[in-house]
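All remarks here apply to the structure that follows.
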């Protein structure tokens, strides 16, 4: 990031709420264009970042993505004029900077929403497995050679010799197929394989099916999300929910001896998030097992959602079980 851009970011920074320098050439703050999250005043989804020799601004809430030059012009016309003058003075550009108004261009989907596979309901093994877990086989697909099929969408596997059939769980975002998760039908070294078809998209299952005005339940896996109303699932530990402005309720597995799960619940409570703490009388480890045991999971979840001090007290009891 050149000196002039850094200088004017510094001049502008007092006017940007929650402004902070994340690292060299990366700054984070509340987006002044859309106002950022209205529910959580601590959310910061605006960024200045370097792309080659230029500085860009992007907001992960409203989607705007423009040059720092255009961002500055929108924020302060007089300061922008000084910026342009210094750019020419320092000889940072041999071309005239074109100060166009920011354009909000939403690209059309680059991937088809249709999947060229049969429904899981049309394969006996896939249908039998899903129905045994009380899942609707019409909501999923079946790939007889999973790796080969994935490579037809995106080159992912170098070796397809040891291919295997899998149930395909589609991941959509804004009605666009952005990823898939393959679930093995038999014994396998890897039970779930997640493939994202696009990079800069939320690695989350079920986003297109929820009502953002209500509580959004977050489960550990896509299958579990089908047993709770208005639920999504994180498809991997690197899934990021910070760019989504919803009231989340985190529903982790019922495994008090699992250090990773205990750590996740503890972190959620520390962040003052809503979490489900399973009551002592429930011994099943996950939501799917609870359904198979005949539990009314929806009611249990709603009656055992906590936050703050109450969540800490319930959590301390739960993790000693």
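The values are calculated or read from the model by the stated rules, or taken from the named source; none is laboratory data. Every value quoted in this text rests on a predicted model; they were computed, and no experiment measured them. Every residue, glycine among them, receives a Cβ derived from its backbone with ideal geometry; neighbour counts consider all protein chains shown.
List of remarks:
- For the range 137-162, the set of residues classified as outside any helix (DSSP H, G or I) and crowded, with 17+ Cβ neighbours inside 10 Å consists of 140, 141, 142, 143, listed by residue number.
- Residue 224 satisfies every condition listed in (1) touching a helix residue (DSSP H, G or I) at 6+ places or on another chain (Cβ under 6 Å); (2) touching a residue at least 40 places away in the same chain (Cβ under 8 Å); (3) farther than 30 Å from residue 39 by Cβ except (3).
- Among the residues making up the range 13-26, those that are outside any strand (DSSP E or B) and surrounded by 13 or more Cβ atoms within 10 Å (Cβ to Cβ) are 13, 16, 17, 18, 19, 25.
- Conditions (1) within 30 Å of residue 212 (Cα to Cα); (2) over 23 Å from the mean Cα position of the chain (by Cα); (3) without any contact (Cβ under 8 Å) to a residue 12 or more places away in the chain: number failed by residue 14: (1)
- Of the residues making up the range 307-317, just one is within 17 Å of residue 282 (Cα to Cα) and touching a helix residue (DSSP H, G or I) at 6+ places or on another chain (Cβ under 8 Å), namely 315.
- Some residue of the range 236-243 being assigned to a loop (DSSP other than H, G, I, E, B), outside the structural domain of residue 39 (by TED's automatic domain parsing), in contact with a helix residue (DSSP H, G or I) (Cβ under 8 Å, 6 or more places away or on another chain) and on the phi > 0 side of the Ramachandran plot: no
- Selected residue (only one of 111, 29 is surrounded by 11 or more Cβ atoms within 10 Å (Cβ to Cβ), at pLDDT 90 or above, within 31 Å of the chain's Cα centre (by Cα) and closer than 21 Å to residue 200 by Cα): 29
- Filtered by the rule that a residue be touching a residue at least 60 places away in the same chain (Cβ under 8 Å) and loosely packed, with under 12 Cβ neighbours inside 10 Å, the range 32-55 gives 38, 39.
- Some residue of the range 276-295 being touching a helix residue (DSSP H, G or I) at 6+ places or on another chain (Cβ under 8 Å), surrounded by fewer than 16 Cβ atoms within 10 Å (Cβ to Cβ), in a loop (DSSP other than H, G, I, E, B) and in contact (Cβ under 8 Å) with a residue 40 or more places away in the chain: yes
- Per the conditions (1) surrounded by fewer than 21 Cβ atoms within 10 Å (Cβ to Cβ); (2) in contact with a strand residue (DSSP E or B) (Cβ under 6 Å, 6 or more places away or on another chain); (3) farther than 16 Å from residue 301 by Cα, the sole criterion not satisfied by residue 205 is (1).
- The set of residues in the range 163-199 that are within 21 Å of residue 136 (Cα to Cα), assigned to a loop (DSSP other than H, G, I, E, B) and touching a helix residue (DSSP H, G or I) at 6+ places or on another chain (Cβ under 7 Å) comprises 165, 175, 185.
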